[in-house]
Amino acid sequence: MLEPKLSRMAVPSKGRLQEPTEALLKAAGIKFRRRERALFAHADGLDLAVLFVRPDDIPILVAEGAADLGIVGRDLVHEHACEARVKHVLDLDFGHCRLAVAARANGPIKSVKHLNGKKVAASMVHSTREYFRRNNVKAHLVEVSGSVEIMVALGLADAIVDLVESGDTLRDNGLAVIETVSASQGILIQGRKPRDPKLCARVKRRLEGVLTAQQYTLLEYNIPRAKLKDAEKVAPGFDSPTISDLEDPKWCAVKVMIPKKRSIEIIDKLEALGASAILETSILNCRL
């Protein structure tokens, strides 16, 4: 049994967000031992229970106060009309996908306007109905779950509305996206009245530290002091880079965080300025 005052965090027990969620929590030091078929586990060193639940249930659990925090796709929060009942705390930058309208790649349906009077199979009926209403489309919606892409081939629908990641499954079934309804990714949500707001804030900061570390890398290099100002323009860091003296007074050592995506470009520019002994190091965690 769960203690009533114990904070609770709902995470996906299956689906596309399960593995990246578990990896993120582990990297953030939120560790737990999940027993087979267990519905929850206690996080080591924290007054926190991790609940393993169906992704569709997470927005409701957080909105109703059964869980204080939840990791879920933004699409599900909207689908269950929970946006006003939970706080969107943090984007997690994984599980990127889009809810899209798709039809036969070589068929006559090229726009959502062509779906008036047609049958549409949808995995997310609420979001689909809302989108059709905004576009003044009156279609017959058929709610389905799993293997939505095959519904056109079976003759059950003229088009589908489903989550799309790479689009490979659509192409394999002869379908193509005609319009995007909305974009989604994994997010951290919080209830309006959490049991322990300070613990929730600490969990958020831990996750932020990991996510920030994934975006940046640490660069160390030696540079002639005469070129230091030019080097700082290439890699300014946050507040400022860390500068250390070297035995040769004409040189100094620099340590600075840089965007990981631009690391090669920045190293090239520093080398062109005369920097040497350039070292790039991965960052596991950080707080900015």
Inset, instruction - Kindly state, to the nearest 0.05, the FRET efficiency for Arg35 paired with Asp248, given R0 = 41 Å and r defined as their beta-carbon distance. - result: 0.10
Inset, instruction - Multiply the residue separation of Lys261 and His126 by 0.36 nm, subtract the distance between their alpha-carbon atoms, and state the gained length in nm to one decimal. - result: 44.8 nm
Legend entry - Amide proton proximity set for Ile283, modelled H, under 5 Å, gap of 5+: Leu218
Inset, instruction - Please give, to one decimal in nm, the separation of the simple spin-label points placed at Lys110 and Gln185, each 7 Å out from Cα toward the Cβ. - result: 3.3
Legend entry - Cβ-Cβ FRET estimate between Leu6 and Asp93, R0 fixed at 30 Å, reported to 0.05: 0.55
Inset, instruction - Per DSSP H run of n ≥ 4, the term is -39500 (n - 2.57); total these for the chain, divide by its residue number, and report the mean residue ellipticity at 222 nm rounded to 500 deg cm²/dmol. - result: -7500 deg cm²/dmol
Inset, instruction - Give the cross-link partners of Lys198 among the lysines, using a straight C-alpha distance below 30 Å as the criterion and excluding same-chain residues fewer than 8 apart. - result: Lys5, Lys14, Lys26, Lys31, Lys87
Legend entry - Spatially close lysines, pair count over region 206-275: Cα under 22 Å, gap of eight or more or interchain: 16
Inset, instruction - For the chain, just say rounded, prolate or oblate: build the C-alpha gyration tensor, square-root its eigenvalues into a ≥ b ≥ c, call rounded for a/c under 1.5, and beyond that prolate if a/b exceeds b/c, oblate if not. - result: oblate
Legend entry - HN-Hα J in Hz across region 52-60 - Karplus 6.51, -1.76, 1.60, θ = phi - 60°, x for Gly and Pro: 9, 9, 5, x, 4, 7, 4, x, 5
Inset, instruction - Take every Cα pair under 8 Å in the chain that's 6+ residues apart, average their separations, divide by the length, and report that relative contact order as a whole percent. - result: 20
Inset, instruction - State the antiparallel share, in %, of DSSP beta bridges confined to the chain, rounding to the nearest 5. - result: 75
Legend entry - 5 angstrom amide H check on Val86, placed H, neighbours 5+ away: none
Inset, instruction - Please tell me the relative contact order of region 97-184 in percent, rounded to the nearest whole number, where contacts are Cα pairs under 8 Å and at least six residues apart. - result: 50
Legend entry - Two-decimal Rg/Rh across region 97-184, once Rg and the Kirkwood Rh are taken from alpha-carbon atoms: 0.91
Inset, instruction - Report, by chain and number, residues whose modeled amide H sits under 5 Å from the one on Ser7, excluding near sequence neighbours (fewer than 5 apart, same chain). - result: Ala49
Legend entry - Rounded, prolate or oblate (a/c below 1.5 giving rounded, otherwise prolate when a/b exceeds b/c) for region 216-282 by Cα gyration tensor: prolate
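Coordinate-derived values only; no laboratory data. If you're wondering where the values come from, they're calculated on a predicted model, not measured in any experiment. Glycine gets a Cβ as well: all are built from the backbone with ideal geometry, and neighbour counts include every protein chain shown.
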